[in-house]
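Just so you know, all these numbers are worked out from the coordinates, no wet-lab data involved. All of these numbers come straight from a predicted model, not from anything done at the bench. Cβ placement follows ideal geometry from the backbone for every residue including glycine, while neighbour counts extend to all protein chains displayed.
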Amino acid sequence: MTQFHLIIAEGFGINTNILETNIINLSVVIGIVVYFGGGFLTSLLTTRREAIVESLQDAEKRYAEAVERLEVAERRLQEAQEKAQTIRSQGERTATERAAQLRDALREDIERLGTNANSLLSSEKAKIIEQVCSQVVDLSLVRARAEMTNQSF
């Protein structure tokens, strides 16, 4: 029995070998942490993973929404550019048509003024001719009277 007591006493003594002591202590601490804190660590990691997955899904959703808004904006831009081109074309066409209308109206006005000028000249010419004829007749009558008066005396 004395030998047995010595073995037991030796097992509970102070171990001065640092390598053996740290390995035993670390394995005991890790075992206790895994046994008692394993569920907590697992739930903590699971919660963290779920939060990360949720953040990623939210980021993907926001990205998809941003892409959709971008596509809508690009579509609207394209429509606006097409509308601007249509308006520009219509404006050019309207300006060309209006210029042609103004040229035609100007030609008509020039022709009308030319016609009016010609008829005014013709009218004035006729008035002048009539006045000259009237004066010639008046002068002829005056001379004829004068000659008749001179012959009767």
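One table, with the values for the structure above:
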| item | result |
| --- | --- |
| The chain - convex hull of alpha carbons, volume per residue in Å³ | 212 |
| Theoretical FRET efficiency, 1/(1+(r/R0)^6), r = Cβ-Cβ of D104 and S134, R0 41 Å, to 0.05 | 0.40 |
| Dipole magnitude of the chain about its Cα centre (Cβ charges: Lys, Arg +1; Asp, Glu -1), debye to nearest 20 | 820 |
| Percent of C-alpha pairs per 10 Å bin, segment 32-107, short to long | 15, 16, 14, 12, 10, 9, 8, 6, 4, 3, 1 |
| L56 paired with A84, simple spin-label distance in nm, labels 7 Å along Cα-to-beta-carbon | 4.2 |
